[in-house]
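Participant: One structure is given below, represented as structure tokens, and several questions about it will come after.
The values are calculated or read from the model by the stated rules, or taken from the named source; none is laboratory data. Quantities reported herein were computed from a predicted structural model and do not represent experimental measurements. Glycine also receives a Cβ, built like all others from the backbone with ideal geometry; neighbour counts cover every protein chain displayed.
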Amino acid sequence: MPQMRLTNQPKVGPSFDERVCSQCMGHRALCGIRPCPLVMRAVSLSKIDSAFRGMSLEGSSPPSVFVGSYGYPKVLAGPLVPPIRGERAALMEQPDLWLDFSMDEILSLRFSLVRTKQLLPVDAAVDPPRTLAETQTMALSEAPTDSEALLLKRPEFTSVFSERTLPIGPSAPLKSFQLEDNPKVPRPVDKVSSDTDLRAVEAVTTLFDEGVRQEHLTRLFSVGLLGTRKRRRLVPTEWSITAIDDIVSKRLHKKVLRHRTINDFLVFSYHALGNTVTILMMPGSWQFEVLECWLSGPRPSVISDHEYAKGRTTYAKNVVGAYYAVRLPVLKYMDDNRRQAGALVFLEVNPKEWVPLGVWRFREIAKRALTMEPKKFTDLEEALEGAGQTLVNTMDRYLEACETIEQYRTQTRLTDFF
């Protein structure tokens, strides 16, 4: 990833190796280069320093909130506020619109968000102090809300990336936060969040069915606005992202199991932001596997997680959040089309184009792929060859790591008796 190195960056320590970025995320200095090229890029793209005045930060929150996981059950939580007002702020929290943006355009948007933070116990969501109550009110909104945050010190860049969450700009401790206008709260959101007898799972699925956006659901869940009153908690953002994907997927999974199976092998594929997502759907009952490959070295390795008709009972510890992020759009596609199938999902990451943007990119690329006309095949081997044409790593390497394909090849189907 040499294009990230700034011209004035000192070359200290070993040569820059893009493979460690996925482990370091810009704050562990694993490559030995200081200052970190990712953080330096964040600083160069951010407009915070020139726009900031004193300790007061005025702007329109996209709306957006971040709840950290370090120190749980006491966490650092607060709204993300850019030093701008107006509709442009909304774009900072709409990744479904970003696939056609350049990497720098996306990072410039996200690095303009100041992460404000206060240390709070997670059960503060039950009876929130004033600053958290204002944050919760803002989180209900579907549009930017003008606000003012009073900080204890000027924002500083520390960690700007993580595996699951969107990139964020500098952070600063929060003294107080207040809204300057009324949030625009969708009626279903107002109704469900006000129902303190409704369990969180039912709340999430109800709002998903009402068309509430993924990011909005994550925000509501994270700041403790869903669930029965006494059980409401602040939930770290990175946990909330996967929780929402998993909750909705499990409901869709039950519906998909009742649908008829597809007749042809279907291959969908799309490439964006240094990532390729290829989806192979196969006639038969539900089974699902994600095969992820980081394209480094002459024989890049592949990691995988999978499930069969009954679904998963344990966490996908290899592919982690990306597994749940792509499972949701695959199930949504099947349910929308009232069909059932087995699915292999291939995730390829090009390290020369890669920046850690969070698992949203896999979800959105999968969604985009599934809007395309699929290539149809009548034979599994032809379908695998067709899927392989969209990938850089060889299909043989993927199949060596694949756990479900042999069972698919040997399982008996109703069509075998005709």
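Participant: Condition test on K175, is it more than 21 Å from L109 (Cα to Cα) and loosely packed, with under 15 Cβ neighbours inside 10 Å?
Facilitator: For K175, the condition - more than 21 Å from L109 (Cα to Cα) and loosely packed, with under 15 Cβ neighbours inside 10 Å - is not met.
Participant: Please state which of the following conditions D190 fails to meet, knowing it meets all the rest: (1) under 25 Å from L76 (Cα atoms); (2) surrounded by fewer than 20 Cβ atoms within 10 Å (Cβ to Cβ).
Facilitator: (1)
Participant: Which of the residues spanning the range 185-222 are among the basic types (K, R) and more than 24 Å from the chain's Cα centre (by Cα)?
Facilitator: To start, the set of residues in the range 185-222 that are among the basic types (K, R) comprises 187, 191, 199, 213, 219.
Result: R187, K191.
Participant: V330 fails exactly one of the following numbered conditions: (1) buried (at least 23 other Cβ atoms within 10 Å of the Cβ); (2) touching a Gly at 6+ places or on another chain (Cβ under 9 Å). What is the number of that condition?
Facilitator: (2)
Participant: Another question, then. So is T276 farther than 29 Å from D209 by Cβ, under 17 Å from the mean Cα position of the chain (by Cα), crowded, with 20+ Cβ neighbours inside 10 Å and polar (S, T, N, Q) or not?
Facilitator: yes
Participant: Exactly one of (1) surrounded by fewer than 15 Cβ atoms within 10 Å (Cβ to Cβ); (2) at pLDDT below 95 is unmet by S159. Its number?
Facilitator: Failed condition: (1).
Participant: State whether one or more residues within the range 305-314 are out of contact with any Leu (no Cβ under 6 Å at 6 or more places or on another chain), among the small types (G, A, S) and farther than 14 Å from F268 by Cβ.
Facilitator: yes
Participant: Now, a different point. Would you confirm whether any residue within the range 234-250 is closer than 30 Å to P351 by Cβ, out of contact with any helix residue (DSSP H, G or I) (no Cβ under 6 Å at 6 or more places or on another chain) and free of Cβ contacts under 8 Å to residues at least 60 places away in the same chain?
Facilitator: Here is the first cut: in the range 234-250, the ones closer than 30 Å to P351 by Cβ are 236-246, 249.
Among the residues that remain, those that are also out of contact with any helix residue (DSSP H, G or I) (no Cβ under 6 Å at 6 or more places or on another chain) are: 236, 238-239, 243.
If we keep only those that are free of Cβ contacts under 8 Å to residues at least 60 places away in the same chain as well, we get 243.
Looking through the range 234-250, at least one residue is closer than 30 Å to P351 by Cβ, out of contact with any helix residue (DSSP H, G or I) (no Cβ under 6 Å at 6 or more places or on another chain) and free of Cβ contacts under 8 Å to residues at least 60 places away in the same chain.
Participant: When you check V248 against the structure, is it assigned to a strand (DSSP E or B) and either in the same structural domain as P167 (by TED's automatic domain parsing) or surrounded by 19 or more Cβ atoms within 10 Å (Cβ to Cβ) (or both), yes or no? If you could, list the steps in order and put the result at the bottom.
Facilitator: Details: assigned to a strand (DSSP E or B): no; either in the same structural domain as P167 (by TED's automatic domain parsing) or surrounded by 19 or more Cβ atoms within 10 Å (Cβ to Cβ) (or both): yes.
It is false that V248 is assigned to a strand (DSSP E or B) and either in the same structural domain as P167 (by TED's automatic domain parsing) or surrounded by 19 or more Cβ atoms within 10 Å (Cβ to Cβ) (or both).
Participant: Something else: Which count do you get for residues in the range 58-89 that are under 16 Å from P183 (Cα atoms) and either surrounded by 18 or more Cβ atoms within 10 Å (Cβ to Cβ) or at pLDDT 90 or above (or both)?
Facilitator: 11
Participant: Let me ask something additional. Looking only at the range 93-131, how many residues end up being part of a helix (DSSP H, G or I), surrounded by fewer than 21 Cβ atoms within 10 Å (Cβ to Cβ) and in contact with an Asp or Glu (Cβ under 8 Å, 6 or more places away or on another chain)?
Facilitator: 2
Participant: Being assigned to a helix (DSSP H, G or I) and either under 28 Å from the mean Cα position of the chain (by Cα) or under 14 Å from H306 (Cα atoms) (or both) is the filter here; which residues of the range 387-399 pass it?
Facilitator: Result: A387, G388, M395, R397, Y398, L399.
Participant: When you scan the range 308-317, do you find a residue that is within 23 Å of L97 (Cα to Cα) and touching a residue at least 24 places away in the same chain (Cβ under 8 Å), even just one?
Facilitator: So far as the range 308-317 goes, no, none of its residues is within 23 Å of L97 (Cα to Cα) and touching a residue at least 24 places away in the same chain (Cβ under 8 Å).
Participant: D335: farther than 27 Å from M103 by Cα, crowded, with 17+ Cβ neighbours inside 10 Å and of a type in the set (D, E), yes or no?
Facilitator: Values: farther than 27 Å from M103 by Cα: yes; crowded, with 17+ Cβ neighbours inside 10 Å: yes; of a type in the set (D, E): yes.
The answer is yes for D335.
Participant: Kindly evaluate E210 against the criterion of being of a type outside the set (S, T, Y), in contact with a Pro (Cβ under 9 Å, 6 or more places away or on another chain), surrounded by fewer than 19 Cβ atoms within 10 Å (Cβ to Cβ) and at pLDDT below 95.
Facilitator: Values: of a type outside the set (S, T, Y): yes; in contact with a Pro (Cβ under 9 Å, 6 or more places away or on another chain): yes; surrounded by fewer than 19 Cβ atoms within 10 Å (Cβ to Cβ): yes; at pLDDT below 95: no.
Considered against the rule, which asks whether it is of a type outside the set (S, T, Y), in contact with a Pro (Cβ under 9 Å, 6 or more places away or on another chain), surrounded by fewer than 19 Cβ atoms within 10 Å (Cβ to Cβ) and at pLDDT below 95, E210 comes out as no.
Participant: Quick check on my filter: what residues within the range 132-146 are surrounded by fewer than 20 Cβ atoms within 10 Å (Cβ to Cβ) and under 21 Å from the mean Cα position of the chain (by Cα)?
Facilitator: Result: E142, A143.
Participant: Quick one: in the range 279-301, of everything that is of a type in the set (A, V, I, L, M, F, W, C) and surrounded by fewer than 20 Cβ atoms within 10 Å (Cβ to Cβ), which residue is farthest from L347 (Cα to Cα)?
Facilitator: If we take residues in the range 279-301 being of a type in the set (A, V, I, L, M, F, W, C) and surrounded by fewer than 20 Cβ atoms within 10 Å (Cβ to Cβ), then L295 is farthest from L347 (Cα to Cα).
Participant: Right, here's the next one. Here is a list: A366, A316, A309. Which entry is among the small types (G, A, S), in contact with a strand residue (DSSP E or B) (Cβ under 6 Å, 6 or more places away or on another chain) and in a loop (DSSP other than H, G, I, E, B)?
Facilitator: After ruling out the rest, the residue left standing is A316.
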